[in-house]
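I'd like to ask you about the structure that follows.
The values are calculated or read from the model by the stated rules, or taken from the named source; none is laboratory data. None of the values given here were measured: they were computed from a predicted structure. We place every Cβ from the backbone using ideal geometry, glycine too, and count neighbours over all the protein chains shown. For the accessible areas, the whole protein counts, side chains as well, though only heavy atoms, and no ligand, DNA or RNA atoms are used. Shrake-Rupley method; radii C 1.70, N 1.55, O 1.52, S 1.80 Å.
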Amino acid sequence: MTVRKVQFETMDEVNRFLDVTEHFPFAVDLKRGYRTVNGKSILGVASIGLGREMDFCAHVPELAPEITSSLDFCMR
């Protein structure tokens, strides 16, 4: 599993994140505190909160550079 820090400031960033992650051939979770949500679900991502740093957990050993660059807007 690969873990990176992400943060969303607006719902537009959430929608952009979902547009990118829906095409990933692997599972994505977002974790903040004790909560873990499906990173491909708009309800899950919106429920975890805006303006708060969280862990992006990709269920792959390593992220490809093109995936990392597609998520630059939200990675911290």
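Kindly check whether there is at least one residue in region 40-48 that is in contact with an Asp or Glu (Cβ under 6 Å, 6 or more places away or on another chain), more than 16 Å from Asp72 (Cβ to Cβ) and in a strand (DSSP E or B). I'd like the intermediate steps shown before the answer.
Going residue by residue through region 40-48, those that are in contact with an Asp or Glu (Cβ under 6 Å, 6 or more places away or on another chain) are 40.
Now narrow it down to the ones that are more than 16 Å from Asp72 (Cβ to Cβ): 40.
In the following step, the residues that additionally are in a strand (DSSP E or B) were identified as none.
The answer is no, given that none of the residues of region 40-48 is in contact with an Asp or Glu (Cβ under 6 Å, 6 or more places away or on another chain), more than 16 Å from Asp72 (Cβ to Cβ) and in a strand (DSSP E or B).
For region 49-64, give me each residue that is among the charged types (D, E, K, R) and assigned to a strand (DSSP E or B). Step through it out loud before you land on a result.
Residues of region 49-64 among the charged types (D, E, K, R): 52-53, 55, 62.
Matches in region 49-64: Asp55 only.
Oh, and also: Regarding Gly33, is this residue over 14 Å from Asp72 (Cα atoms) and touching a Phe, Trp or Tyr at 6+ places or on another chain (Cβ under 9 Å)?
In short, no.
Further question: Against the conditions (1) open to solvent by 40 Å² or more (accessible area, probe 1.4 Å); (2) more than 12 Å from the chain's Cα centre (by Cα), where does Lys40 fall short? Just the number, please.
Every listed condition holds for Lys40 apart from (2).
Given the options Leu18, Leu30, name the one that is open to solvent by less than 70 Å² (accessible area, probe 1.4 Å), in contact with a strand residue (DSSP E or B) (Cβ under 6 Å, 6 or more places away or on another chain) and either part of a strand (DSSP E or B) or not small (Gly, Ala, Ser) (or both). Let's see the steps before the verdict.
Values: Leu18 fails: in contact with a strand residue (DSSP E or B) (Cβ under 6 Å, 6 or more places away or on another chain).
None of the others qualify; the one that does is Leu30.
Each row is one residue, and each column tells you yes or no for (1) open to solvent by less than 60 Å² (accessible area, probe 1.4 Å); (2) touching a strand residue (DSSP E or B) at 6+ places or on another chain (Cβ under 7 Å).
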| position | (1), (2) |
| --- | --- |
| Lys5 | no, yes |
| Met11 | no, no |
| Ile48 | yes, yes |
| Gly51 | yes, no |
| Ala58 | yes, yes |
| Cys74 | yes, yes |
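Return yes or no: is Gly33 on the phi > 0 side of the Ramachandran plot and free of Cβ contacts under 8 Å to residues at least 60 places away in the same chain? Outline the logic, then answer.
Working: on the phi > 0 side of the Ramachandran plot: yes; free of Cβ contacts under 8 Å to residues at least 60 places away in the same chain: yes.
Answer is yes for this residue.
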